[in-house]
Amino acid sequence: MAAWSGATLTYGTSITLMNELGGQGGYLDVNGSAGRADGKFNVSTNPSSDRTNGRQSSVWKVISASGKSDGAAVMSGDKVWLVNQLAGGQGGYLDVNGGEARDGAKFDVSTTESQTRIDNSAKWRLLAKSSTPSDGKVRIDDTLHLLNDLADGQGGFLDVNGTSPKDGAKWDVSTTYYTDRGAGSGSWKIGTAP
C-alpha cells in the first residue's frame, strides 16, 4: 500500500522512518545478523532509504497490534508492530532484545521472527509529536516517538546512540528512558517507501 506526503497513515502501509538527530540521523534499517538469542537482524540507521538497492531493508510495514484492519487510520497512541520489508517482508518484527551498555541506553534493538517473542517486546506505542489537522491521526511527514511495550511500556523509546560497526551503517539503535536523549535522537520522521 503506497502513501504520499501529508496523507493519513493507514494500517498495511509501508513507510520509512528517518531519525532526526542533527537533522540527519539516517533511516531505520536492518543490517547483518542480530547476534542475540531469538534475534534475526541487527538494527541501525543508514544514510540512504534504499541501502540494499530495492530489497527494502529500510522499509517497515505498519501492522495494528490491537486488531484494526488494513486501511484503518493510525492514531497517535496506537500500539503497532513494525515489520521490516527486506526481501518481500522477511526482515522480521522490530524488537528489543537484551541490555545495551551505551550511556543512556536501556535495551538493544534488533528484529525477531515473532510478534510475541517475550512480554510484548515487539510491540510499539506510536506517539506523534503533532499533526495537522489536530484530529489524532498520524500522517506521512509527521515526527513521532516509538515507546516499546515490553512489560507494559517499560521497553524505552527508540533511539540512536553511538556509531554502528555494521558496513554502510550510520548509528546504532537502542532504546532509552527519554523521548529525546539527544537533540532529535528519539524523534523519527515518517516517510514514503522508495
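Every number in this text was worked out from the coordinates using simple rules, so none of it is lab data. Source: prediction; values computed, not measured. All Cβ positions, glycine included, derive from the backbone under ideal geometry; neighbour counts span all protein chains shown.
Tabulated values for the structure
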| item | result |
| --- | --- |
| Span from the the stretch 74-122 Cα centroid across to the the stretch 124-149 one, whole angstrom | 17 |
| The stretch 14-192: relative contact order in percent, alpha carbon pairs under 8 Å with at least 6 residues between | 26 |
| Residue-averaged [θ]222 nm for the chain, counting only DSSP H segments that reach four residues, each worth -39500 (n - 2.57) | -500 deg cm²/dmol |
| Tensor-based shape of the stretch 48-118 (alpha-carbon gyration tensor, a/c under 1.5 rounded, otherwise prolate or oblate) | oblate |
| Point-charge dipole on Cβ atoms (K/R +1, D/E -1) for the stretch 14-192, about Cα centre, debye to 20 | 200 |
| Per-residue Cβ neighbour rank within 10 angstrom, fewest leading, 188, 171 | 171, 188 |
| Shape category assigned to the stretch 14-192 from the gyration tensor of Cα positions, a/c cut at 1.5 | rounded |
| Order of 141, 29, 135 - criterion: other Cβ atoms within 10 Å of each residue's Cβ, fewest first | 135, 141, 29 |
| Backbone HN-Hα couplings from phi across the stretch 123-128 [Karplus 6.51/-1.76/1.60, Hz, Gly and Pro as x] | 9, 10, 8, 8, 10, 6 |
| Residues of the stretch 110-148 with amide N under 13 Å of a point placed 7 Å along Cα→Cβ from residue 180 | 129-130, 143-145 |
| Percent RCO, i.e. relative contact order, over the stretch 1-67, from Cα pairs under 8 Å lying at least 6 residues apart | 32 |
| Efficiency of FRET between residue 24 and residue 118 - r from beta-carbon atoms, R0 30 angstrom, step 0.05 | 0.35 |
| Length gained when the stretch residue 73-residue 135 is fully extended (0.36 nm per residue, less Cα-Cα span) | 21.2 nm |
